[in-house]
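Student: Here it is, the structure, as structure tokens.
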Amino acid sequence: MPLDLSATSIELTRELCDIESVSGNEKALADEIEQALRRMPHLEVLRDGDLVVARTRLGRARRVVVAGHIDTVPVNGNLPVRFETEGGVDYLWGRGTVDMKPGVAVALKLAAELTAPAVDVTWLFYDHEEVASDLNGLARLARTRPELLAADFAILGEPTGGAVEGGCNGTMRFDVITRGRRAHSARGWMGENAIHKAAPILALLADFQPETIEVDGLAYRENLNAVLIGGGVAGNVIPDECAIHINYRFAPSRTPARAEAAMRALFEPFGEFVLRDLSPGARPGLDDPLAQEFLAAVGREAKPKYGWTDVARFSALGIPAVNFGPGDPSLAHADDERVPLEQITGCEDALRAWLG
Ligand SMILES: [Zn+2]
């Protein structure tokens, strides 16, 4: 039976979940999605690997991307999915019911239904989100065919419990390496202890008061933490090197270059600074009129996203982006992930009201 996009978003979620699509095995689901969308004459459909793009071409002044990944983390005795009632709440239970087949179902249903939306819409269903980012379908499209991502605003249907989560913090990881000189620990004065030289760095980190920075009306709380530490060679040797691995989560209003400069200014006086990883944050873009209308349609206050998500890929292309989808994000990847049915229809109604 081919996918029927006129089914309810709840039924569609169940069908999507039961087509197993663990990362790397998205082909069958991508085929189903592509075939179902190709039956819609108002959509132009393109396929790139296991990524499917469907877009309206109505010549509207604004274009919106609605995107979702179709892969899941590995199945663990939680397929097929099933309906359950717990504490008076009706749920769909099993792999993908939170992360993020209901968001995909809502998008598919509205892609088929909204033949003349108020804005042009690019519906995007992509592969390999749950694995290393060099495999990510969205990242691949941004590299190879960025024109397909062109838009004024983007919504990712990742689970947010039906709230709007805007943008995300950036993240950088770096080492601060202190150096000394080895000696026998029985004659420690002959050496120079690199671990002891780490003390002021740790004191600085312990006393550091991270900022909370408001960006487009959302308060982004920053974090600066030592997350790993290593040093020393043996129980009777003065250590000649100590590396403190530090993670800085910075508000999306800071550019990566400014974040790096701030960290270098702070830590270079204490040791060698080695940058390991740096990903920019994403501005929520909630000051945009399009976003304001979206918030009004959802009818709930927007929240900042602290973790790094694919919205940053849109932000890197200059497109403000938010997360908005059914399901409790804290249940994502859990073996007992389950979504309240009313969150699926709630997200569907809000998106329909805004796009329609
Ligand atoms: Zn996800």
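Student: I'd like to check something: does segment 100-107 contain any residue that is of a type outside the set (Gly, Ala, Ser), open to solvent by less than 50 Å² (accessible area, probe 1.4 Å), in contact with a Phe, Trp or Tyr (Cβ under 7 Å, 6 or more places away or on another chain) and away from the ligand (no atom under 16 Å from the Cβ)?
Tutor: Within segment 100-107, the subset of a type outside the set (Gly, Ala, Ser) is 100-102, 104, 106.
From what's left, open to solvent by less than 50 Å² (accessible area, probe 1.4 Å): 100-102, 104, 106.
Now restrict to residues that are in contact with a Phe, Trp or Tyr (Cβ under 7 Å, 6 or more places away or on another chain): 104.
Okay, now just the ones that are also away from the ligand (no atom under 16 Å from the Cβ), so none.
No, segment 100-107 contains no residue that is of a type outside the set (Gly, Ala, Ser), open to solvent by less than 50 Å² (accessible area, probe 1.4 Å), in contact with a Phe, Trp or Tyr (Cβ under 7 Å, 6 or more places away or on another chain) and away from the ligand (no atom under 16 Å from the Cβ).
Student: Let me ask something else about it. Which one is farthest from the chain's Cα centre (by Cα), of the residues in segment 249-263 that are open to solvent by less than 10 Å² (accessible area, probe 1.4 Å) and farther than 13 Å from Cys168 by Cα?
Tutor: Met263
Student: Looking at segment 31-52 only, could you name the residues that are out of contact with any Asp or Glu (no Cβ under 9 Å at 6 or more places or on another chain) and within 14 Å of Val104 (Cα to Cα)?
Tutor: Ile33, Glu34, Leu37
Student: With surrounded by fewer than 17 Cβ atoms within 10 Å (Cβ to Cβ), more than 19 Å from the chain's Cα centre (by Cα) and touching a residue at least 12 places away in the same chain (Cβ under 8 Å) as the only criterion, which of Val176, Val233 stands out?
Tutor: Values: Val176 fails: surrounded by fewer than 17 Cβ atoms within 10 Å (Cβ to Cβ).
Being surrounded by fewer than 17 Cβ atoms within 10 Å (Cβ to Cβ), more than 19 Å from the chain's Cα centre (by Cα) and touching a residue at least 12 places away in the same chain (Cβ under 8 Å) holds for just one of Val176, Val233, which is Val233.
Student: While we're here: Restricting to segment 27-54, what's the tally of residues that are assigned to a strand (DSSP E or B), within 19 Å of Ala139 (Cα to Cα) and of a type outside the set (A, V, I, L, M, F, W, C)?
Tutor: 2
Student: With the condition kept exactly as written, say whether any residue in segment 50-65 is free of Cβ contacts under 8 Å to residues at least 60 places away in the same chain and of a type in the set (S, T, N, Q).
Tutor: Scanning segment 50-65 turns up no residue that is free of Cβ contacts under 8 Å to residues at least 60 places away in the same chain and of a type in the set (S, T, N, Q).
Student: While we're here: Considering only residues that are among the aliphatic types (A, V, I, L, M) and out of contact with any strand residue (DSSP E or B) (no Cβ under 8 Å at 6 or more places or on another chain), look in segment 242-261 and name the one that is nearest to Leu202 (Cα to Cα).
Tutor: By that ranking, first place goes to Ala261.
Student: Within 16 Å of the ligand (Cβ to nearest atom), crowded, with 19+ Cβ neighbours inside 10 Å and among the small types (Gly, Ala, Ser) - does that describe any residue in segment 161-170?
Tutor: Scanning segment 161-170, I find at least one residue that is within 16 Å of the ligand (Cβ to nearest atom), crowded, with 19+ Cβ neighbours inside 10 Å and among the small types (Gly, Ala, Ser), so the answer is yes.
Student: Hey, another quick one. Being assigned to a loop (DSSP other than H, G, I, E, B) and in contact with a strand residue (DSSP E or B) (Cβ under 6 Å, 6 or more places away or on another chain) is the filter here, so list the residues in segment 157-191 that pass it.
Tutor: Gly157, Glu158, Thr160, Ala163, Val164, Gly167, Asn169, Gly180, Arg182, Gly191
Yes/no matrix, rows are residues, columns are (1) modelled with pLDDT under 95; (2) under 17 Å from Val176 (Cβ atoms); (3) aliphatic (A, V, I, L, M):
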{"residue": "His245", "(1), (2), (3)": "no, yes, no"}
{"residue": "Ser253", "(1), (2), (3)": "yes, no, no"}
{"residue": "Arg258", "(1), (2), (3)": "no, no, no"}
{"residue": "Ala265", "(1), (2), (3)": "no, yes, yes"}
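Student: If you don't mind, another one. Search segment 331-346 for residues being of a type in the set (D, E, K, R) and open to solvent by 40 Å² or more (accessible area, probe 1.4 Å), and hand back the single one that is nearest to Glu130 (Cα to Cα). So that I can check it myself, show each step before the final result.
Tutor: Filtering segment 331-346 down to residues of a type in the set (D, E, K, R) leaves 335-338, 342.
Filter once more, keeping what is open to solvent by 40 Å² or more (accessible area, probe 1.4 Å): 335-336, 338, 342.
Working: Asp335: 15, Asp336: 18, Arg338: 18, Glu342: 26 Å.
Once the filter is applied, the top-ranked residue is Asp335.
Student: For segment 60-90, which positions are hydrophobic (A, V, I, L, M, F, W, C) and outside any strand (DSSP E or B)?
Tutor: Ala61, Ile70, Val73, Val75, Leu79, Val81
Student: To continue, here is another question. Would you list the helices (runs of 4 or more DSSP H) that sit entirely within segment 238-337 and hold 1 or more residues that are touching a residue at least 24 places away in the same chain (Cβ under 8 Å), more than 16 Å from the ligand (Cβ to nearest atom) and touching an Asp or Glu at 6+ places or on another chain (Cβ under 9 Å)?
Tutor: In segment 238-337, 289-298 are the helices (runs of 4 or more DSSP H) which contain 1 or more residues that are touching a residue at least 24 places away in the same chain (Cβ under 8 Å), more than 16 Å from the ligand (Cβ to nearest atom) and touching an Asp or Glu at 6+ places or on another chain (Cβ under 9 Å).
Student: Do we find that Gly191 is in contact (Cβ under 8 Å) with a residue 40 or more places away in the chain, surrounded by 13 or more Cβ atoms within 10 Å (Cβ to Cβ) and either under 29 Å from Asp287 (Cα atoms) or under 20 Å from the mean Cα position of the chain (by Cα) (or both) in this structure?
Tutor: The answer is no for Gly191.
Student: Identify, please: which residue in segment 98-114 is in a loop (DSSP other than H, G, I, E, B) and in contact with a helix residue (DSSP H, G or I) (Cβ under 6 Å, 6 or more places away or on another chain) and is, among those, nearest to Leu12 (Cα to Cα)?
Tutor: Filtering segment 98-114 down to residues in a loop (DSSP other than H, G, I, E, B) leaves 98-100, 114.
After this cut, where a residue has to be in contact with a helix residue (DSSP H, G or I) (Cβ under 6 Å, 6 or more places away or on another chain) as well, the list is 98, 114.
Values: Val98: 14, Leu114: 16 Å.
Going through the qualifying residues, I end up with Val98.
Student: Provide a single number: the residues in segment 62-86 that are small (Gly, Ala, Ser) and modelled with pLDDT under 95.
Tutor: Matching residues across segment 62-86 total 0.
Student: Residue by residue through segment 120-151, note down the ones that are surrounded by fewer than 19 Cβ atoms within 10 Å (Cβ to Cβ) and part of a loop (DSSP other than H, G, I, E, B).
Tutor: The answer is Val131, Ala132, Arg145, Ala150.
The values are calculated or read from the model by the stated rules, or taken from the named source; none is laboratory data. What you see is a predicted model, and the numbers here were worked out from it, not measured in a lab. Positions of Cβ are backbone-derived with ideal geometry, glycine not excepted, and every protein chain shown enters the neighbour counts. The protein model used for the area step is the full one, side chains on, heavy atoms only, and it has no ligands, DNA or RNA in it. Shrake-Rupley method; radii C 1.70, N 1.55, O 1.52, S 1.80 Å.
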